[in-house]
Amino acid sequence: MTWKTAVADIPYGGAKGGIGCNPMDLTKSELERLTRVFTQKIHDLRGIHVDVPVPDRMAWILDEYSKFHWHSPVVVTGKPVDLRGSLGREAATGLGVATLIF
């Protein structure tokens, strides 16, 4: 992400974060709970002008973040389309790479 935003002259970095676990070993409810607790712990580090995560866990982060701050769909990407997510989200990275190469 750092390189993509730099090439486009967008003033964002490209931080990464995560939780050390194998999501395949968790049930859906365990994964949701883990995601929500993680969001509770870091909600002050997130925001539309601070850090916009791209979670694999759909809208759980948005839902949990909204408990601490106003509802702001732009605080997280990767949401379902019905929650103001983007069409083509799953193919976006590969399409970007293919566009750059060809």
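The values are calculated or read from the model by the stated rules, or taken from the named source; none is laboratory data. A quick note: this is a predicted structure, and the numbers were derived from the prediction, not measured. Cβ sites come from the backbone with ideal geometry, for glycine too, and all protein chains shown count toward neighbours.
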Can Ser86 be described as over 17 Å from Val7 (Cα atoms), hydroxyl-bearing (Ser, Thr, Tyr) and surrounded by 13 or more Cβ atoms within 10 Å (Cβ to Cβ)?
no
Quick one: is Gly78 surrounded by fewer than 17 Cβ atoms within 10 Å (Cβ to Cβ) and either at pLDDT below 75 or not aromatic (Phe, Trp, Tyr) (or both)?
no
Keeping to the stretch 1-34, report how many residues are polar (S, T, N, Q), at pLDDT 90 or above and in a helix (DSSP H, G or I).
1
